[in-house]
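A.B. asks: Quick one: structure below, then a few questions.
The values are calculated or read from the model by the stated rules, or taken from the named source; none is laboratory data. Being a predicted model, the structure only gives us computed values, none of them experimental. Cβ sites come from the backbone with ideal geometry, for glycine too, and all protein chains shown count toward neighbours.
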Amino acid sequence: MHEVLHPQREVTIAMCGKYTDLSDSYKSLNEALRHAGIHHHARVRIEYVDSETLDGQSAAQLARYDAILVPGGFGKRGIEGKIAAARFAREHRVPYLGICLGMQVATIEFARHVAGLEHANSTEFEPDTPHPVIALIDEWQDRDGTIQKRSAQSDMGGTMRLGAQSSDVKSGTLAHRIYGPVVTERHRHRYEANEHYLERLQGAGLVISAITQREKLTEIVELPQTQHPWFVGVQFHPEFKSTPWDAHPLFNSYIHAALEHQAQRTAGATTERRQAA
(Lines give C-alpha, C1' and ligand atoms only; values in the text may rest on other atoms or scores of the structure.)
Protein backbone atom coordinates (compact mmCIF):
# COMPACT_ATOMS: atom_id res chain seq x y z
CA MET A 1 0.00 0.00 0.00
CA HIS A 2 2.90 2.38 0.75
CA GLU A 3 4.26 1.93 -2.80
CA VAL A 4 0.85 2.66 -4.29
CA LEU A 5 0.32 5.81 -2.21
CA HIS A 6 3.88 7.13 -2.35
CA PRO A 7 5.46 6.39 -5.76
CA GLN A 8 8.87 7.86 -6.43
CA ARG A 9 8.22 8.45 -10.14
CA GLU A 10 5.60 8.04 -12.84
CA VAL A 11 5.44 6.61 -16.36
CA THR A 12 2.71 6.92 -18.97
CA ILE A 13 1.81 4.03 -21.26
CA ALA A 14 -0.17 4.35 -24.49
CA MET A 15 -2.63 1.44 -24.68
CA CYS A 16 -3.52 1.29 -28.39
CA GLY A 17 -6.65 -0.81 -28.67
CA LYS A 18 -10.18 -0.80 -30.02
CA TYR A 19 -12.17 -1.56 -26.87
CA THR A 20 -11.19 1.71 -25.22
CA ASP A 21 -14.80 2.73 -24.43
CA LEU A 22 -15.19 -0.25 -22.09
CA SER A 23 -13.25 0.43 -18.91
CA ASP A 24 -12.84 -3.23 -17.94
CA SER A 25 -11.79 -4.54 -21.36
CA TYR A 26 -8.10 -4.54 -20.42
CA LYS A 27 -8.50 -4.98 -16.66
CA SER A 28 -5.95 -7.79 -16.28
CA LEU A 29 -3.40 -5.93 -18.39
CA ASN A 30 -3.93 -2.72 -16.45
CA GLU A 31 -3.34 -4.50 -13.16
CA ALA A 32 -0.22 -6.31 -14.42
CA LEU A 33 1.24 -2.96 -15.50
CA ARG A 34 0.49 -1.45 -12.09
CA HIS A 35 2.05 -4.45 -10.33
CA ALA A 36 5.24 -3.84 -12.29
CA GLY A 37 5.01 -0.17 -11.35
CA ILE A 38 4.94 -1.12 -7.67
CA HIS A 39 8.06 -3.22 -8.26
CA HIS A 40 9.81 -0.13 -9.65
CA HIS A 41 8.39 2.33 -7.08
CA ALA A 42 6.51 4.03 -9.91
CA ARG A 43 2.95 5.04 -10.65
CA VAL A 44 1.84 3.70 -14.04
CA ARG A 45 -0.57 5.97 -15.89
CA ILE A 46 -2.41 4.26 -18.74
CA GLU A 47 -3.87 6.37 -21.50
CA TYR A 48 -6.16 4.66 -23.98
CA VAL A 49 -5.64 5.47 -27.66
CA ASP A 50 -8.40 4.30 -29.99
CA SER A 51 -6.58 2.41 -32.73
CA GLU A 52 -9.26 3.42 -35.24
CA THR A 53 -7.94 6.99 -34.97
CA LEU A 54 -4.35 6.03 -35.81
CA ASP A 55 -2.66 6.03 -39.20
CA GLY A 56 0.79 6.80 -40.55
CA GLN A 57 0.45 10.50 -39.72
CA SER A 58 -1.64 10.56 -36.54
CA ALA A 59 0.61 7.93 -34.93
CA ALA A 60 3.02 10.82 -34.29
CA GLN A 61 0.94 11.61 -31.19
CA LEU A 62 2.51 8.52 -29.59
CA ALA A 63 5.83 10.35 -29.27
CA ARG A 64 4.79 11.82 -25.92
CA TYR A 65 4.45 8.43 -24.23
CA ASP A 66 7.08 6.48 -22.34
CA ALA A 67 6.05 3.19 -23.94
CA ILE A 68 3.44 1.71 -26.28
CA LEU A 69 1.33 -1.40 -25.70
CA VAL A 70 -0.94 -3.08 -28.25
CA PRO A 71 -3.28 -5.56 -26.55
CA GLY A 72 -5.24 -8.53 -27.84
CA GLY A 73 -8.51 -8.48 -29.73
CA PHE A 74 -10.51 -10.09 -32.51
CA GLY A 75 -11.66 -8.85 -35.90
CA LYS A 76 -10.52 -6.36 -38.52
CA ARG A 77 -11.71 -3.10 -36.96
CA GLY A 78 -8.83 -0.87 -35.87
CA ILE A 79 -6.12 -3.21 -37.16
CA GLU A 80 -4.38 -0.72 -39.44
CA GLY A 81 -4.13 1.69 -36.50
CA LYS A 82 -2.47 -0.99 -34.39
CA ILE A 83 -0.04 -1.67 -37.22
CA ALA A 84 0.71 2.07 -37.35
CA ALA A 85 1.40 2.06 -33.60
CA ALA A 86 3.82 -0.86 -33.96
CA ARG A 87 5.58 0.89 -36.82
CA PHE A 88 5.94 4.12 -34.86
CA ALA A 89 7.39 2.24 -31.89
CA ARG A 90 9.84 0.36 -34.11
CA GLU A 91 11.02 3.36 -36.09
CA HIS A 92 11.28 5.73 -33.11
CA ARG A 93 12.75 3.23 -30.64
CA VAL A 94 9.86 3.55 -28.19
CA PRO A 95 9.49 0.50 -25.89
CA TYR A 96 6.81 -1.74 -27.40
CA LEU A 97 4.89 -4.66 -25.94
CA GLY A 98 2.45 -6.57 -28.11
CA ILE A 99 0.11 -9.00 -26.39
CA CYS A 100 -1.44 -11.78 -28.53
CA LEU A 101 -2.86 -9.78 -31.48
CA GLY A 102 -0.26 -7.15 -30.58
CA MET A 103 2.44 -9.66 -31.51
CA GLN A 104 0.68 -10.44 -34.76
CA VAL A 105 0.35 -6.81 -35.88
CA ALA A 106 4.03 -6.25 -35.06
CA THR A 107 4.85 -9.22 -37.30
CA ILE A 108 2.64 -7.86 -40.09
CA GLU A 109 4.20 -4.42 -39.80
CA PHE A 110 7.72 -5.84 -39.95
CA ALA A 111 6.81 -8.01 -42.94
CA ARG A 112 5.43 -5.04 -44.87
CA HIS A 113 8.00 -2.37 -44.11
CA VAL A 114 11.22 -4.27 -43.41
CA ALA A 115 10.99 -7.70 -45.07
CA GLY A 116 9.53 -6.24 -48.29
CA LEU A 117 6.35 -8.34 -48.24
CA GLU A 118 3.97 -5.76 -49.66
CA HIS A 119 0.36 -6.05 -48.46
CA ALA A 120 1.30 -8.73 -45.92
CA ASN A 121 -1.57 -9.42 -43.53
CA SER A 122 -3.43 -12.00 -41.49
CA THR A 123 -6.02 -14.20 -43.16
CA GLU A 124 -8.30 -13.19 -40.28
CA PHE A 125 -8.51 -9.71 -41.82
CA GLU A 126 -7.69 -10.33 -45.48
CA PRO A 127 -8.37 -13.95 -46.54
CA ASP A 128 -6.84 -13.31 -49.98
CA THR A 129 -3.71 -11.46 -48.83
CA PRO A 130 -0.72 -12.26 -51.06
CA HIS A 131 1.46 -12.76 -47.99
CA PRO A 132 -0.43 -14.45 -45.12
CA VAL A 133 2.26 -14.03 -42.47
CA ILE A 134 -0.45 -14.75 -39.87
CA ALA A 135 -2.85 -17.59 -40.62
CA LEU A 136 -5.21 -20.13 -39.10
CA ILE A 137 -3.69 -23.48 -38.24
CA ASP A 138 -6.21 -25.83 -39.86
CA GLU A 139 -4.60 -29.18 -39.05
CA TRP A 140 -2.58 -30.45 -36.10
CA GLN A 141 -1.85 -33.59 -34.12
CA ASP A 142 -3.08 -34.02 -30.54
CA ARG A 143 -0.97 -35.61 -27.80
CA ASP A 144 -2.65 -38.98 -28.43
CA GLY A 145 -1.75 -38.85 -32.14
CA THR A 146 -5.25 -37.90 -33.32
CA ILE A 147 -5.29 -35.54 -36.32
CA GLN A 148 -7.60 -32.57 -35.74
CA LYS A 149 -8.90 -30.44 -38.61
CA ARG A 150 -10.61 -27.04 -38.50
CA SER A 151 -11.47 -24.23 -40.90
CA ALA A 152 -12.29 -20.54 -40.57
CA GLN A 153 -15.97 -21.56 -40.64
CA SER A 154 -15.59 -23.97 -37.70
CA ASP A 155 -16.98 -23.16 -34.27
CA MET A 156 -14.73 -20.41 -32.88
CA GLY A 157 -14.01 -22.28 -29.66
CA GLY A 158 -12.85 -25.30 -31.65
CA THR A 159 -10.20 -23.30 -33.46
CA MET A 160 -8.68 -21.57 -30.43
CA ARG A 161 -5.41 -22.44 -28.72
CA LEU A 162 -6.25 -22.37 -25.04
CA GLY A 163 -4.47 -22.92 -21.74
CA ALA A 164 -0.85 -23.12 -20.66
CA GLN A 165 1.88 -24.32 -23.00
CA SER A 166 5.65 -24.42 -22.70
CA SER A 167 8.14 -23.01 -25.19
CA ASP A 168 11.89 -23.13 -25.58
CA VAL A 169 13.53 -19.70 -25.43
CA LYS A 170 16.48 -18.81 -27.64
CA SER A 171 19.64 -17.97 -25.72
CA GLY A 172 21.09 -14.50 -26.07
CA THR A 173 17.69 -12.86 -26.54
CA LEU A 174 15.79 -10.37 -24.43
CA ALA A 175 13.17 -13.06 -23.87
CA HIS A 176 15.83 -15.39 -22.45
CA ARG A 177 17.00 -12.67 -20.09
CA ILE A 178 13.42 -12.27 -18.86
CA TYR A 179 12.26 -15.90 -18.76
CA GLY A 180 15.31 -18.14 -18.90
CA PRO A 181 15.41 -21.24 -21.14
CA VAL A 182 11.70 -22.15 -20.93
CA VAL A 183 8.53 -20.07 -20.79
CA THR A 184 5.12 -21.44 -19.79
CA GLU A 185 2.18 -19.12 -20.32
CA ARG A 186 -1.56 -19.21 -21.00
CA HIS A 187 -3.19 -18.74 -24.40
CA ARG A 188 -6.47 -17.65 -25.93
CA HIS A 189 -6.26 -17.09 -29.67
CA ARG A 190 -7.06 -18.59 -33.08
CA TYR A 191 -4.44 -17.41 -35.55
CA GLU A 192 -0.70 -18.08 -35.56
CA ALA A 193 2.48 -16.81 -37.20
CA ASN A 194 2.77 -18.65 -40.51
CA GLU A 195 5.81 -20.92 -40.35
CA HIS A 196 6.31 -20.64 -44.12
CA TYR A 197 7.35 -16.98 -43.69
CA LEU A 198 9.57 -17.32 -40.63
CA GLU A 199 12.80 -17.77 -42.60
CA ARG A 200 12.08 -14.65 -44.68
CA LEU A 201 11.26 -12.60 -41.58
CA GLN A 202 14.29 -13.80 -39.68
CA GLY A 203 16.49 -13.06 -42.67
CA ALA A 204 15.23 -9.47 -42.56
CA GLY A 205 16.14 -9.19 -38.87
CA LEU A 206 13.11 -10.28 -36.85
CA VAL A 207 14.12 -12.48 -33.91
CA ILE A 208 11.89 -15.49 -33.18
CA SER A 209 12.92 -15.91 -29.57
CA ALA A 210 10.50 -18.62 -28.38
CA ILE A 211 8.80 -21.55 -30.12
CA THR A 212 6.41 -24.11 -28.60
CA GLN A 213 8.05 -27.40 -27.74
CA ARG A 214 5.48 -29.69 -29.38
CA GLU A 215 3.77 -27.80 -32.22
CA LYS A 216 6.76 -25.53 -33.11
CA LEU A 217 4.56 -22.42 -33.12
CA THR A 218 5.94 -18.90 -32.67
CA GLU A 219 5.48 -17.61 -29.13
CA ILE A 220 7.74 -14.54 -28.85
CA VAL A 221 9.17 -12.16 -31.44
CA GLU A 222 11.54 -9.29 -30.75
CA LEU A 223 13.95 -6.91 -32.40
CA PRO A 224 17.71 -7.17 -31.76
CA GLN A 225 18.71 -4.79 -28.98
CA THR A 226 21.38 -3.40 -31.29
CA GLN A 227 18.48 -1.96 -33.30
CA HIS A 228 15.85 -1.27 -30.65
CA PRO A 229 16.13 -1.03 -26.83
CA TRP A 230 12.93 -2.98 -26.07
CA PHE A 231 10.53 -4.36 -28.69
CA VAL A 232 8.72 -7.59 -27.79
CA GLY A 233 5.57 -9.32 -28.99
CA VAL A 234 4.14 -12.39 -27.24
CA GLN A 235 1.41 -14.71 -28.48
CA PHE A 236 0.25 -15.54 -24.97
CA HIS A 237 -1.34 -13.67 -22.06
CA PRO A 238 1.26 -13.13 -19.30
CA GLU A 239 -1.02 -10.71 -17.44
CA PHE A 240 -2.95 -13.65 -15.99
CA LYS A 241 0.02 -14.66 -13.81
CA SER A 242 0.84 -11.28 -12.27
CA THR A 243 0.07 -10.26 -8.67
CA PRO A 244 0.83 -7.14 -6.58
CA TRP A 245 3.29 -9.18 -4.50
CA ASP A 246 4.92 -10.95 -7.45
CA ALA A 247 4.87 -8.74 -10.52
CA HIS A 248 5.35 -10.62 -13.78
CA PRO A 249 8.95 -10.48 -15.08
CA LEU A 250 7.87 -9.49 -18.60
CA PHE A 251 5.97 -6.45 -17.30
CA ASN A 252 8.79 -5.65 -14.89
CA SER A 253 11.22 -5.51 -17.81
CA TYR A 254 8.77 -3.46 -19.91
CA ILE A 255 8.21 -0.83 -17.21
CA HIS A 256 11.97 -0.66 -16.61
CA ALA A 257 12.41 0.06 -20.34
CA ALA A 258 9.68 2.73 -20.15
CA LEU A 259 11.47 4.43 -17.26
CA GLU A 260 14.75 4.37 -19.16
CA HIS A 261 13.10 5.81 -22.27
CA GLN A 262 11.54 8.56 -20.16
CA ALA A 263 14.93 9.42 -18.65
CA GLN A 264 16.52 9.61 -22.10
CA ARG A 265 13.75 11.85 -23.42
CA THR A 266 14.04 14.12 -20.39
CA ALA A 267 17.82 14.36 -20.76
CA GLY A 268 17.44 15.12 -24.47
CA ALA A 269 14.88 17.86 -23.83
CA THR A 270 17.14 19.42 -21.18
CA THR A 271 20.08 19.45 -23.59
CA GLU A 272 17.96 21.11 -26.28
CA ARG A 273 16.81 23.84 -23.88
CA ARG A 274 20.38 24.56 -22.85
CA GLN A 275 21.52 24.75 -26.46
CA ALA A 276 18.61 27.05 -27.33
CA ALA A 277 19.51 29.36 -24.42
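A.B. asks: Checking PRO229 against (1) more than 21 Å from ARG87 (Cα to Cα); (2) surrounded by fewer than 20 Cβ atoms within 10 Å (Cβ to Cβ); (3) within 18 Å of the chain's Cα centre (by Cα): exactly one of these is not met. Which one?
C.D. replies: The failed condition is (1).
A.B. asks: Among (1) within 17 Å of the chain's Cα centre (by Cα); (2) surrounded by 18 or more Cβ atoms within 10 Å (Cβ to Cβ), where does ARG186 come up short?
C.D. replies: Condition not satisfied by ARG186: (2).
A.B. asks: While we're looking at this one, here's another question. Picking from GLN202, GLN213, which residue would you name as being modelled with pLDDT of 95 or more and either surrounded by fewer than 21 Cβ atoms within 10 Å (Cβ to Cβ) or among the charged types (D, E, K, R) (or both)? Break it down into steps so the answer makes sense when it comes.
C.D. replies: On the way: GLN213 fails: modelled with pLDDT of 95 or more.
None of the others qualify; the one that does is GLN202.
A.B. asks: For the structure I just gave you, tell me whether ARG43 is assigned to a strand (DSSP E or B) and free of Cβ contacts under 8 Å to residues at least 60 places away in the same chain. Talk me through it step by step, then tell me what you get.
C.D. replies: On the way: assigned to a strand (DSSP E or B): yes; free of Cβ contacts under 8 Å to residues at least 60 places away in the same chain: yes.
Criteria met by ARG43.
A.B. asks: I've got another one for you. Assess whether ILE68 counts as being β-branched (Val, Ile, Thr), buried (at least 21 other Cβ atoms within 10 Å of the Cβ) and in a strand (DSSP E or B). Write out each step before concluding.
C.D. replies: Values: β-branched (Val, Ile, Thr): yes; buried (at least 21 other Cβ atoms within 10 Å of the Cβ): yes; in a strand (DSSP E or B): yes.
Yes; evaluated as a whole, the condition is true for this residue.
A.B. asks: Among the residues that make up the range 100-114, is at least one of them assigned to a strand (DSSP E or B) and at negative phi? Walk me through how you get there before you give the answer.
C.D. replies: In the first step, residues of the range 100-114 are kept if they are assigned to a strand (DSSP E or B); the result is none.
Checked the range 100-114: no residue is assigned to a strand (DSSP E or B) and at negative phi.
A.B. asks: Would you point out the residue of the range 76-126, among those that are surrounded by fewer than 18 Cβ atoms within 10 Å (Cβ to Cβ) and touching a residue at least 60 places away in the same chain (Cβ under 8 Å), that is nearest to the chain's Cα centre (by Cα)?
C.D. replies: Restricting to residues being surrounded by fewer than 18 Cβ atoms within 10 Å (Cβ to Cβ) and touching a residue at least 60 places away in the same chain (Cβ under 8 Å), the top hit is ARG93.
A.B. asks: Taking the conditions exactly as written (touching a Gly at 6+ places or on another chain (Cβ under 6 Å) and either closer than 20 Å to GLU222 by Cα or assigned to a helix (DSSP H, G or I) (or both)), does MET15 satisfy them or not?
C.D. replies: no
A.B. asks: Which of the residues spanning the range 24-48 are surrounded by 14 or more Cβ atoms within 10 Å (Cβ to Cβ) and farther than 23 Å from PRO7 by Cβ? Explain how you work it out, then say what you get.
C.D. replies: Within the range 24-48, the subset surrounded by 14 or more Cβ atoms within 10 Å (Cβ to Cβ) is 25-26, 28-40, 42-46, 48.
Across the range 24-48, the qualifying residue is only SER25.
A.B. asks: Given the structure, is LEU62 assigned to a helix (DSSP H, G or I) and in contact with a Pro (Cβ under 8 Å, 6 or more places away or on another chain)?
C.D. replies: Values: assigned to a helix (DSSP H, G or I): yes; in contact with a Pro (Cβ under 8 Å, 6 or more places away or on another chain): no.
Spelling it out, it is not the case that LEU62 is assigned to a helix (DSSP H, G or I) and in contact with a Pro (Cβ under 8 Å, 6 or more places away or on another chain).
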